[in-house]
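Beneath this line is the structure, given in structure tokens, with notes to follow.
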């Protein structure tokens, strides 16, 4: 005879297996959807330049509009992966392969104009998080400044820029395969 407790535990095991399968299917479907939408995978993150809703071409926008577009696409301005100096270059090259310099909005700002740079996730930027371009940041304190990933040739470093400038926005989504 099977006890009620035995049936209960068997049922829990079946449900747990279904949840694991459902989670794996969800991750697989999400991976396929992101690939179809043009997201590029680097480490545990997916990257794409921001587009207007329904659009396929990246658009140059100010910092706040870029952040909003990234959020509408299911992510936010790049922060997590680009803190890693090794991943920063790979992530930037995954979304931009042009031959000339370019500025890409990322989730870094000195919104108070006090010279203290913070990531949009609320963490204060540390010197090892940011590889500034030579002579950067060079903006004036008191201005609201935002961080752009500045690409030249084979390197991507940080530059400070007035937040109202028009740049492409580098979006990021966390993705664990």
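For this structure, a couple of remarks:
- Calculated log₁₀ intensity ratio I(q)/I(0) where the Debye formula runs over C-alpha points of segment 39-103, q = 0.24, 0.28, 0.30 Å⁻¹: -1.17, -1.40, -1.44
- Per-peptide average of other Cβ atoms within 10 Å, ordering 34-46, 80-92 highest first: 80-92, 34-46
- Label zone at residue 111 (point 7 Å along Cα-to-Cβ), backbone N below 18 Å, segment 74-94: 75-80
- Diffusion coefficient of segment 40-174 by Stokes-Einstein, Kirkwood radius over Cα pairs, 37 °C, 0.692 mPa s: 226 µm²/s.
Every read-out reported here was derived from the displayed coordinates using simple, explicitly stated rules and does not represent laboratory data. Keep in mind that this is a model prediction, so the values were computed, not measured. In this analysis, Cβ positions are derived from the backbone assuming ideal geometry, glycine residues included, and neighbour counts consider all displayed protein chains.
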